[in-house]
Amino acid sequence: MKSAPDWIAHPDTPYLLIDEAKLKSNINYLKQRVESLGSHLRPHLKTLRTLEAAGYLLDSKSAPATVSTLAEAEAYAKAGYTDLLYAVGIAPAKLKRVAALRQQGINLHILLDNITQAQAVVDYAAEFGQDFSVFIEIDSDDHRGGIKPSDSKLLTIAKTLGEHFTGLMTHAGGSYACNTEQGLKNFAKQECDAVRIARNNLETAGIHCAITSVGSTPTAHFGEDFSDISEVRAGVYTTFDLVMKNIGVCDFSHIAMSVVTTVIGHNKEKNWLLTDSGWMALSRDSGTAGQNRDFGYGQVCKIDGSVLDGLCVNSTSQEHGVIELSDAYQLEDFPVGHQLRIMPNHACATAAMHPVYHVLMSDGSHNTWQRITGW
Ligand SMILES: Cc1ncc(COP(=O)(O)O)c(C=O)c1O
């Protein structure tokens, strides 16, 4: 492994570090995979939420992308991106902001799964002479929202939307609870089958469905056939994280995000290292706790990124992290001032704690990226 360049030692810790070479490789792998299986990606920009990352994920300003907030949609629209799916059910009060973007020529698609939302869209459209582009959310795995593919409400909502109806979207978030290859393949098929059934039901009723959109990082990596699916969404694959490692989608070596931290003290009786990265830097996400391997609040690595086997952040307070050393390690190996990297449980949550990211570029140089914040 390339040794850490000198600049890593300079920003005050804790700071979020992105490894550009890994980021690029993760992005290229999934793009080629999905295209070879007959579809294309609509990447979810929510993990890094920066204009720079969008530049890596999208080939052009008109390429399809997914966002999780209107604040992101507004920022990407301002930067010239024109095809954005806001993939969280629409709150009627937000239609004004959606309309403002559509009036600027942005094809901002919205999502809904109930008749109250659909009626709010058509009422707004009628009052203001506004066109919308609406995806109906399909429930493929009893995980969150959405309508079951054969629920009669699907036809009612599509008919209510009329010309504003564009397509069907599903997200198998339940796949995060899976960790076998066959299980993940089954989830990916289940996701596709749900929109296939829903599309068929609509088309039998004479309603054209222009776009079918599926995806999560696990299902995008394990799906075997996307040839009759318009697009596949995934987000956290850009950097991956420990939750994805436990699921079996990636290995430590693919994780492109870490938090650089400094040892600030020792508890000799307990064999603990104290660091300056608490939950304000790592997030409170303990998503690996219910998985096959619990990484506490993150896997500890050397500053060069190599994994220190068996060491994780065992507990956090606001600005402190506690690493309990196993017998394989000595406190003296980690003097005060020593820097370490922590791999995140959930990259989206950890990135959200940092307004600025430090990026280790493939050529060893250093960049900073600003995060788009808010809703
Ligand atoms: C609607 C939707 N699509 C796609 C994704 C991306 O999934 P992942 O984070 O597994 O890449 C998410 C994640 O929350 C989502 O909510």
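The values are calculated or read from the model by the stated rules, or taken from the named source; none is laboratory data. Because the structure is a prediction, the values reported are computed rather than measured. Cβ placement follows ideal geometry from the backbone for every residue including glycine, while neighbour counts extend to all protein chains displayed. Keep in mind that these areas ignore ligands, DNA and RNA; they rest on the heavy atoms of the full protein, side chains included. Shrake-Rupley method; radii C 1.70, N 1.55, O 1.52, S 1.80 Å.
Tabulated data
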| quantity | calculated |
| --- | --- |
| Dipole magnitude of the range 44-234 about its Cα centre (Cβ charges: Lys, Arg +1; Asp, Glu -1), debye to nearest 20 | 440 debye |
| Carbon plus sulfur fraction of accessible area for the chain, probe 1.4 Å, in percent | 51 percent |
| Ranked packing of 203-209, 108-114, 89-95, most packed first, by mean Cβ within 10 Å | 108-114, 89-95, 203-209 |
| Lysines with Cα under 23 Å of Lys96, excluding same-chain neighbours fewer than 8 positions away | Lys46, Lys78, Lys159 |
| Where the range 44-234 is the region considered: accessible area per residue in Å², 1.4 Å probe | 39 Å² |
| His44, His338, ranked by accessible area, largest first (probe 1.4 Å) | His338, His44 |
| Over the range 44-234, relative contact order from alpha-carbon pairs under 8 Å, at least 6 apart, % | 15 percent |
| DSSP-defined beta bridges in the chain - what % are antiparallel, rounded to 5 | 50 percent |
| Listed residue (His143, Gly298, Tyr124) projecting farthest to the positive dipole end of the chain, Cβ model | Tyr124 |
| Probe 1.4 Å - accessible area at Arg284, Å² to nearest ten | 130 Å² |
| Among the listed pairs Lys94/Lys153; Lys61/Lys302; Lys24/Lys185; Lys24/Lys270, those beyond 31 Å (Cα-Cα) | Lys61/Lys302; Lys24/Lys270 |
| Rel. contact order, % - alpha carbon contacts under 8 angstrom, at least six apart, the range 1-70 | 26 percent |
| Contact order relative to length of the chain, as percent, for alpha carbon pairs under 8 angstrom and 6 or more apart | 20 percent |
| Listed residue (Ser286, Ser62, Thr373) projecting farthest to the positive dipole end of the chain, Cβ model | Ser62 |
| Unit charges on C-beta of K, R, D, E only; dipole of the chain, Debye | 600 debye |
